[in-house]
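Trainee: Sharing a structure below in structure tokens format, with a few things to ask.
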Amino acid sequence: MSARAAAPDGRPRTFTRADAIDRLAAEQFDVLVIGGGITGAGVALDAASRGLRTALVEKDDFASGTSSKSSKLIHGGLRYLQQGEYRLVYENLHERQRLLNNAPHLVAPLPFLIPLFGKAGMVNKSVARVYRTALWLYDLTGGVRIGKRHEKVDQARALRHMPTLQADRLAAGFLYWDARSDDSRLTLTVLRTAVLDHGAVACNHAPAVGLLADADGTVRGARVAPAGGPEIEVRASVVVNATGVWSDEIRTLDEHEDPHSIRPAKGIHITVPAAALPCDIAAVIPVRADHRSIFVVSWGEQVYLGTTDTSYEGPLDDPACEPEDVDYVLDAVNAVVTQPLTRADVTGLWSGLRPLLAPEQKGASRERTADLSRRHTVRTSPSGMVTITGGKLTTYRKMAEDTVDVVVRALGRPKLRCATASLRLHGAPAGGRAPRPVVGAGAGTPTRDEHLAGRFGTEAADVLALIDGRPELGAPLVPGLPYLAAEAVWAVRHEMADSVSDVLDRRTQAAYRDARATAAAAPDVARLIGAEL
């Protein structure tokens, strides 16, 4: 297969809604994926890269659900070791390494500090032993593949990374390594790789409103209602339901009963100025109240904190960040710092729902969501629809592989092997891992070129080219944030952004970093992209 697939008439594939809608209505597909989060995007890329004719539809914007509202970490999950999930941690770390190799422009190593507290500056030896054992297990399970192993650091070094920690209680700390990514950018790039490099078709703002079935009741596609246009029928041999916390809604269209297979768990994050909570890497802060922990993660001029993990039973669209959720995160941090945070310090916040698998055993519904497994499962209904549920951002590629394995068996084409283990994502530079600044390694503030390279990879030059002749596009999209006005124009022309929210919440994550400044800039952004739309 060529590096970039072309349409039957020889034209290069485009990532535009008009082209997508035309193709959805006209072509017969091997597989139709419903859901444009990271799981659906991964399934589309896996299927298309195996040579299957692949389509994907998303009811809102790509990554508009959980996939833009995660902790934005590509990690093994240190706490899963405490739950005995050794295989899950191994799989997570294996996938983390693949992402570092296949998407070096989007995924970067990140050091984490675990501060150790004790009375009179003396840490509890049993606590330190527990952490040391867990970190050795983490390294042995696969954490050391990143090229670093954990180390113990003294109080002074821990304070250099997070200066407002309570020095009278801080005894020492551990450093270990994981990785980070922009979750919505990763989702979009996986999808663009499927479309531009492997001939798939993807369309946002196009909800599936019904399923198509043949005479014997086998699902053979879906009725789709693209925004602003007539309903169309999308024909496919196999339909994959990859809608995360909404998967039971799609299963209801198929099975005509409410399956209750998902137990949503709400997680919120808040953003504060880096001046209010200085941290140049990431830190793991223990929460005494419920024996959990939260992350504190450096984000340029901001720092974000989270997450909560609570059972959720409300509307699935746009779950609210309640005051008590914000207070939970603030209280956890304020318990260990000398410069307390208040609600007034919060500049941004977001709330997402994890699609956890509902426990099957009787009485398990009372179990804490924090204790439920992050594993995934693939089911096939009696009518042939394939549903993938559970999992997490880090393991999306493995989830997709398992799903498409089921699809190719259903199609009678089992010799089509997965190709994504070493498939580099669109924009990845040639060669090995690209050199890019590592947070906390003295990198300082990224330059404009470094900022764009970390978001667009080899396409950064194309984004910069938009500024030629239009110098106003080199100005900040939102004052005080690193995004350029050119990125909004690029998003509309090449990334299927269709609204101010698409640009400010997902193509960039400006609204999550500084909501007030972003709201003030929104009218200017509307005028900028309105001309393009």
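Trainee: Please calculate how many Å² of accessible area the chain carries per residue, with a 1.4 Å probe and no DNA, RNA or ligand atoms counted. Don't skip to the end; give the middle numbers.
Mentor: On the way: 21380 Å² over 533 residues.
So the chain comes to 40 Å² accessible per residue, rounded to a whole number.
Trainee: Placing unit charges on C-beta atoms (Lys and Arg positive, Asp and Glu negative, everything else neutral), compute the dipole magnitude of the range 156-257 about its Cα centre in debye, rounded to 20. It would help to have the intermediate numbers written out before the result.
Mentor: Numbers: 10 positive and 14 negative charges, 160 e Å.
That gives a dipole near 760 debye.
Trainee: Return the long-range amide H neighbours of residue 116 (sequence gap of 5 or more, or a different chain), with a cut-off of under 5 Å between placed amide H atoms.
Mentor: 171, 172, 173, 174
Trainee: For the chain, give me the percentage of DSSP beta bridges that are antiparallel, rounded to the nearest 5 percent. Provide the component values of the computation, followed by the final result.
Mentor: On the way: 64 of 81 bridges.
If I count the DSSP bridges inside the chain, around 80 percent turn out antiparallel.
Trainee: What dipole magnitude, in Debye to the nearest 20, does the range 53-109 give about its Cα centre under +1 on Lys/Arg Cβ and -1 on Asp/Glu Cβ? Write out the running numbers ahead of the final one.
Mentor: Numbers: 8 positive and 6 negative charges, 19 e Å.
Charge dipole of the range 53-109: 100 debye, to the nearest 20.
Trainee: While we're here: Could you work out how far the C-alpha centroid of the range 214-245 sits from that of the range 473-494, in angstrom?
Mentor: Between the Cα centres of the range 214-245 and the range 473-494 lies a distance of 35 Å.
Trainee: Something else: Taking a ≥ b ≥ c as the square roots of the eigenvalues of the Cα gyration tensor of the range 190-234, is the shape rounded (a/c under 1.5), prolate (a/b larger than b/c) or oblate?
Mentor: Numbers: a/c = 3.31, a/b = 1.45, b/c = 2.28.
It is oblate, given that a/c is not under 1.5 and a/b is not larger than b/c.
Trainee: If you don't mind, there's one more thing I want to ask. Around residue 178, which amide H atoms from residues at least 5 apart in sequence, or from another chain, sit under 5 Å from its own amide H, with H modelled in the peptide plane?
Mentor: 110, 112
Trainee: Same structure, new question: Report, to the nearest 10°, how far helix 125-141 tilts away from the longest principal axis of the Cα atoms in the chain, using its own Cα long axis and a range of 0 to 90°.
Mentor: Tilt of helix 125-141: around 30 degrees.
Trainee: Go through 377-383, 105-111, 39-45 and give me the packing order, highest mean Cβ count within 10 Å leading.
Mentor: Numbers: 377-383: 14.6, 105-111: 23.0, 39-45: 31.4.
Ranking the peptides 377-383, 105-111, 39-45 by packing returns 39-45, 105-111, 377-383.
Trainee: Let me ask something else. What percentage of the solvent-accessible surface of the range 215-358, computed with a 1.4 Å probe over protein heavy atoms, is contributed by carbon and sulfur atoms? If you can, show how the numbers build up before the last one.
Mentor: Values: 3020 of 5800 Å².
Result for the range 215-358: 52 percent of the exposed heavy-atom area is carbon or sulfur.
Trainee: Count the lysine pairs in the chain that are 8 or more places apart or on different chains: how many have C-alpha atoms under 30 angstrom apart?
Mentor: 27
Trainee: What does the convex hull of the Cα atoms of the range 81-237 come to per residue, in Å³, rounded to a whole number?
Mentor: Values: hull volume 31.7 nm³, N = 157.
Per-residue hull volume (Cα only) is 202 Å³.
Trainee: Would you work out which of 25, 217, 118 lies farthest towards the positive end of the dipole of the chain? Charges go on Cβ: Lys and Arg +1, Asp and Glu -1.
Mentor: Checking the options against the dipole of the chain, the answer is 118.
Trainee: Under the Kirkwood approximation applied to all pairs of distinct alpha-carbon atoms, what is the hydrodynamic radius of the range 189-304 in Å?
Mentor: Details: mean 1/r = 0.0538 Å⁻¹.
For the range 189-304, inverting the mean 1/r across all distinct Cα pairs yields 18.6 Å.
Trainee: Residue by residue through the range 484-496, which ³J(HN,Hα) values in whole Hz follow from phi under the Karplus form 6.51 cos²θ - 1.76 cosθ + 1.60 (θ = phi - 60°), with glycine and proline marked x?
Mentor: With coefficients 6.51, -1.76 and 1.60, one gets 9, 4, 4, 5, 5, 5, 4, 4, 6, 6, 10, 10, 6 Hz.
Trainee: Of the heavy-atom accessible surface of the range 442-526 (probe 1.4 angstrom), what whole percent is carbon and sulfur? Don't skip to the end; give the middle numbers.
Mentor: Values: 1930 of 3390 Å².
Answer for the range 442-526 is 57 percent, counting heavy atoms of protein chains only.
Trainee: Mind listing the Cα extents of the chain along all three principal axes, in Å, largest one first?
Mentor: Here the spans come out as 75, 64, 44 Å, largest first.
Trainee: Where the accessible area of the range 33-159 is counted over protein heavy atoms with a 1.4 Å probe, how much of it, in %, is carbon and sulfur?
Mentor: Numbers: 2450 of 4620 Å².
Carbon-and-sulfur percentage of accessible area, whole number: 53.
The values are calculated or read from the model by the stated rules, or taken from the named source; none is laboratory data. In this text the structure is predicted, and so the values were computed from the model without any measurement. Every residue, glycine among them, receives a Cβ derived from its backbone with ideal geometry; neighbour counts consider all protein chains shown. All accessible areas refer to the heavy atoms of the entire protein, side chains included, with ligands and DNA or RNA removed. Shrake-Rupley method; radii C 1.70, N 1.55, O 1.52, S 1.80 Å.
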